[in-house]
1. Could you give the longest part of the chain that holds none of the GluC sites (Glu not before Pro) found in DSSP loops with at most 15 neighbouring Cβ atoms within 10 Å?
2. What relative contact order, as a whole-number percentage, does the range 225-275 give when Cα pairs under 8 Å and 6 or more residues apart are counted?
3. Probe radius 1.4 Å, ligands and nucleic acids left out: which of His188, His224 has the largest accessible area, and how do the rest follow?
4. Where the Cα atoms of the chain are projected onto their three principal axes, how long is each span, largest first, in whole Å?
5. In degrees between 0 and 90, to the nearest 10, how far off the longest principal axis of the chain does helix 274-283 point, with axes built from Cα atoms?
6. Build a GNM of the chain with springs between Cα atoms under 10 Å: which of Thr73, Thr320, Thr173 gets the top mean-square fluctuation?
7. Each label point is 7 Å from the Cα along the Cα-to-Cβ direction; what then is the distance between the points at Ile271 and Tyr148, in nm?
8. Can you tell me which aspartates and glutamates have their Cα less than 12 Å from the Cα of Lys286? Leave out same-chain residues fewer than eight positions away.
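The values are calculated or read from the model by the stated rules, or taken from the named source; none is laboratory data. Fair warning: this is a prediction, and the values are worked out from it, not measured in the lab. Methodologically, a virtual Cβ is constructed for each residue, glycine included, from the backbone with ideal geometry; neighbour enumeration extends over all protein chains shown. Side chains included, ligands, DNA and RNA excluded: accessible areas come from the protein's heavy atoms. Shrake-Rupley method; radii C 1.70, N 1.55, O 1.52, S 1.80 Å.
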Amino acid sequence: MADLKSKFLEAYAVLKKELLEDPAFEFSDESRQWVDRMGRFFLTCNWFLLGKLNRGLSVIDSYKLLKEGKELTEEEIFLASALGWCIEWLQAYFLVLDDIMDSSHTRRGQPCWFRLPKVGMIAANDGVLLRNHIPRILKNHFRGKPYYVDLLDLFNEVEFQTASGQMIDLITTIQGEKDLSKYTLSLHRRIVQYKTAYYSFYLPVACALLMAGEDIEKHTDVKHVLVEMGTYFQVQDDYLDCFGNPETIGKIGTDIEDFKCSWLVVKALEICNGEQKKLLEENYGKPDPENVAKVKALYHEINLQGVFAEYESKSYEKLTTSIEAHPSKAVQAVLKSFLGKIYKRQK
């Protein structure tokens with residue numbers, strides 16, 4: 001994968017040059033520099049801070065596995081890379097707007113784009129621009145492919161699903177309305193499924209399947225497994241936010257302070273007795289370290305670490321069974337590759 005990673009980064013340079021010379025818009029030096037600076041900012045954030053471009057690289061990795069050991073041509077590597085970068089652009093678009101909506105100051109220790117000098121609310125339009133780069137890339141490189149329309153439909157549908165998941169998350173945690181009774185496992189699952197799982201897990205594999213000439217409508221079982229995997233991934237994130245080592249995960253968790261609909265608080269509400277629930281209601285969502293410490297002490301008291309360990313074990317077993325039931329060994333290899341990357345991860 002080291003060589004494919006370098007090819008992936010080379011493809012970025014080509015795509016960026018095309019976008020900065022797009023004939024549909026007459027760039028001034030100032031506007032070209034702005035878009036270039038924005039691109040460099042997100043490349044740096046993604047590469048060093050947000051998972052090392054895993055979503056984008058997963059398209060090439062998945063396509064290679066689907067080809068069952070056949071050597072990829074330079075064109076195939078470039079096209080898979082272009083689709084991977086479309087996913088990274090989509091991710092950047094989501095993050096720009098998410099940070100504005102959450103009034104965040106930093107993301108993984110770095111200032112948010114809209115917090116940078118001279119950016120501010122221009123970032124809202126930058127997010128729209130990032131999203132519009134995707135169909136430009138698809139038009140430039142896939143318009144002649146039989147699956148071009150399927151790609152457009154795929155990106156549009158996944159964006160709709162992600163935005164809808166974000167909506168559920170936002171309206172559940174409206175500022176000033178802290179009500180733990182709204183937090184249930186089914187709500188948590190819906191938020192995670194739509195806000196994270198489709199674009200982070202299903203989208204890269206669906207892109208690879210289309211490139212391989214597959215009809216993704218006939219792969220609903222693959223979609224189901226990947227959405228389940230994405231749900232498991234987010235539960236891990238929720239767990240690590242509280243119990244992970246900040247030096248390992250690269251951040252100090254704030255889900256408790258931020259009143260997040262985390263898997264931990266949902267499970268705690270299921271397990272707690274009346275007195276424990278009262279303690280949770282009095283302390284969850286408050287920034288004071290003393291309140292946070294009380295919530296964490298309660299999590300230890302009801303053994304949420306053990307509850308998570310059991311969940312992780314059962315999830316892995318269930319996912320493995322579903323993967324091995326798939327008739328295609330190549331598809332099995334793709335799904336096992338994804339599962340292997342996240343099982344028992346510590347960051």
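1. Working: sites that count: Glu21, Glu26, Glu68, Glu71, Glu177.
It works out to 178-347.
2. Numbers: 20 pairs, mean separation 16.2, N = 51.
Relative contact order comes out at 32 percent.
3. Ranking His188, His224 by accessible area, largest first, yields His224, His188.
4. 64, 54, 32
5. Result, in degrees: 60.
6. Thr73
7. Output for this residue pair reads 5.4 nm.
8. Filter leaves Asp255, Glu257, Asp258.
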